[in-house]
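S.K.: Sharing a structure, written as structure tokens. Questions coming.
The values are calculated or read from the model by the stated rules, or taken from the named source; none is laboratory data. Owing to the predicted nature of the structure, the values given are computational and were not obtained by experimental measurement. Positions of Cβ are generated from backbone atoms using ideal geometry, with glycine treated the same way; all protein chains shown enter the neighbour counts.
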């Protein structure tokens, strides 16, 4: 009987040690798995960098032409698998919208080299699904003898798959622009201009900082930029076409709408001379982009009380 009790005691000690070996100490109250999962959501803003709108002067590259007045609300849901707080793999869905309109330049019209007078505009809903890596450099240090930092700056890099659908408003009604082929996409006269796809891949790059609110909740502030492989997020990229061509390729009702939306200079000045085929409409040298800035809150799964 004593031998059986002794054997049970030894077995209990071995099992306890084996189970404990699966974890490392998080603090004096919790063990933590080598890999923990964080589930959460976020709320913030989304904005875009396109040919339309912007700031005073001629169109400039990247954030030099960013106008914060066009920022719109966005939100996301996400799941992150984090290895010892150093490296994370996350899947995230982000939802929002982007807009751009040349009329925002009204007060600086004299400096915009015709961008205000172009008078084009768009809006588009955005759905972006992202698979990305997080790198937290501060946690590559061993904190076994010290308290780990509660703030952790990190980098984000990954791939996204997003959908968009630029629209413009004409007399109170919104029209999808892609089917109107406003720059002759798919027309025989413009073979180099293929119709753009409304679902595409992007490259996501960003920076953030994570704050441990407590052992079960993390808060993050994060900015992620999406590098796109299209210049048609706003349906504007190259030059004006001959509007008579719309009737050669589109149904009559759609061609009539396209003719009104491909150029809107006359709405500002009815005496303005219509653009000629080949006149500059957009800047095809740089692709469009969009980004989000969000506050995230997540619940950590994988820690247990000691």
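S.K.: Quick one: in region 144-166, of everything that is exposed (fewer than 12 other Cβ atoms within 10 Å of the Cβ) and part of a loop (DSSP other than H, G, I, E, B), which residue is nearest to the chain's Cα centre (by Cα)?
M.R.: The selected residue is 150.
Conditions (1) in contact (Cβ under 8 Å) with a residue 12 or more places away in the chain; (2) in a strand (DSSP E or B); (3) surrounded by 15 or more Cβ atoms within 10 Å (Cβ to Cβ), marked per residue:
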{"site": "175", "(1), (2), (3)": "yes, yes, yes"}
{"site": "193", "(1), (2), (3)": "yes, no, yes"}
{"site": "206", "(1), (2), (3)": "yes, yes, yes"}
{"site": "229", "(1), (2), (3)": "yes, no, no"}
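S.K.: Restrict the check to region 263-278 and report whether at least one residue is part of a loop (DSSP other than H, G, I, E, B) and in contact with a strand residue (DSSP E or B) (Cβ under 6 Å, 6 or more places away or on another chain). Explain how you work it out, then say what you get.
M.R.: First pass over region 263-278, keeping only residues part of a loop (DSSP other than H, G, I, E, B): 263-264, 269-278.
Now narrow it down to the ones that are in contact with a strand residue (DSSP E or B) (Cβ under 6 Å, 6 or more places away or on another chain): 278.
Yes - at least one qualifying residue is present in region 263-278.
S.K.: Determine if region 236-246 includes at least one residue that is part of a loop (DSSP other than H, G, I, E, B), out of contact with any helix residue (DSSP H, G or I) (no Cβ under 8 Å at 6 or more places or on another chain), in contact (Cβ under 8 Å) with a residue 12 or more places away in the chain and within 30 Å of residue 207 (Cβ to Cβ).
M.R.: Among the residues of region 236-246, at least one is part of a loop (DSSP other than H, G, I, E, B), out of contact with any helix residue (DSSP H, G or I) (no Cβ under 8 Å at 6 or more places or on another chain), in contact (Cβ under 8 Å) with a residue 12 or more places away in the chain and within 30 Å of residue 207 (Cβ to Cβ), which makes the answer yes.
S.K.: Considering (1) closer than 25 Å to residue 244 by Cα; (2) in a helix (DSSP H, G or I), say which one residue 169 fails and leave the rest.
M.R.: (2)
S.K.: Quick one: residue 113 ticks every box in (1) on the phi > 0 side of the Ramachandran plot; (2) part of a strand (DSSP E or B) bar one, so which box is it?
M.R.: With respect to (1) on the phi > 0 side of the Ramachandran plot; (2) part of a strand (DSSP E or B), residue 113 is out only on (2).
S.K.: Please find, within region 272-306, the residue that is modelled with the lowest pLDDT out of those that are farther than 20 Å from residue 183 by Cβ and more than 21 Å from the chain's Cα centre (by Cα).
M.R.: My answer is 306.
S.K.: Which of the residues spanning region 265-306 are without any contact (Cβ under 8 Å) to a residue 12 or more places away in the chain and under 25 Å from residue 65 (Cα atoms)?
M.R.: Selection gives 285 alone.
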